[in-house]
Amino acid sequence: EAGVTQSPTHLIKTRGQQATLRCSPISGHTSVYWYQQALGLGLQFLLWYDEGEERNRGNFPPRFSGRQFPNYSSELNVNALELEDSALYLCASRPWGSTDTQYFGPGTRLTVL
Amino acid sequence: TQLLEQSPQFLSIQEGENLTVYCNSSSVFSSLQWYRQEPGEGPVLLVTVVTGGEVKKLKRLTFQFGDARKDSSLHITAAQPGDTGLYLCAGVPSGTYKYIFGTGTRLKVLA
């Protein structure tokens, strides 16, 4: 069974640009979570999508947004990039009906110059 | 604010030594997960503990869930360089739907 996949692996942008990150959950998993992990820091919760709806978001500005598609894959968009947005962005999925145990993808390393 | 505090924050030990990492909270959890994360990669699930007082063993790793389900520990016997990484506990505090992560323990095992 394929795990959570994310693309691209690395992304380099300049300040003010927009970044789009993609995530495909494990087959059968309906919930997708996005986290930001700055270098040397813990995981900061960004967004939670379930059944196509945004269920919760962390303490991030509105320029961080996303969506979930009918096939449960998800996209994270970051507008007006700032230097501080440089981080590893992790996507995780969990199966329907489960309230715990998330399975993570390998992450997308975003570098803002 | 529900928090999962981990200790120690950093740990550097020699190969062959034993160590214990702690994960503590004032909240009750229906279950707790432990993950290990290597640099530049996503966290990998190690174990889920569900029952208060439960002990699970995975080779040299022993996980325990506190009787009151507010804390957990990870004990590594005879640590190896391959155990190096960031260890994270995580879970959903009872009465919420918010999955939270611990503050993390960064372990380095020297050969």
Quick check: is even one residue across the stretch B:18-26 among the aromatic types (Phe, Trp, Tyr) and within 14 Å of chain A (Cβ to nearest Cβ)? no
Among the strands (runs of 3 or more DSSP E) lying completely within the stretch B:31-111, list those that include at least 1 residues that are over 28 Å from residue A:59 (Cβ atoms) and either within 14 Å of chain A (Cβ to nearest Cβ) or of a type outside the set (Asp, Glu) (or both). B:44-49, B:55-58, B:61-65, B:71-76, B:105-110
Taking the residues in the stretch B:13-39 that are surrounded by 13 or more Cβ atoms within 10 Å (Cβ to Cβ), over 15 Å from residue B:102 (Cβ atoms) and of a type outside the set (D, E, K, R) as candidates, determine which candidate is modelled with the lowest pLDDT. B:30
When you scan the stretch A:32-58, how many residues do you find that are within 14 Å of the chain's Cα centre (by Cα) and closer than 23 Å to residue B:40 by Cα? 14
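The values are calculated or read from the model by the stated rules, or taken from the named source; none is laboratory data. For clarity, every value in this text was computed on a predicted model and none was experimentally measured. Positions of Cβ are backbone-derived with ideal geometry, glycine not excepted, and every protein chain shown enters the neighbour counts.
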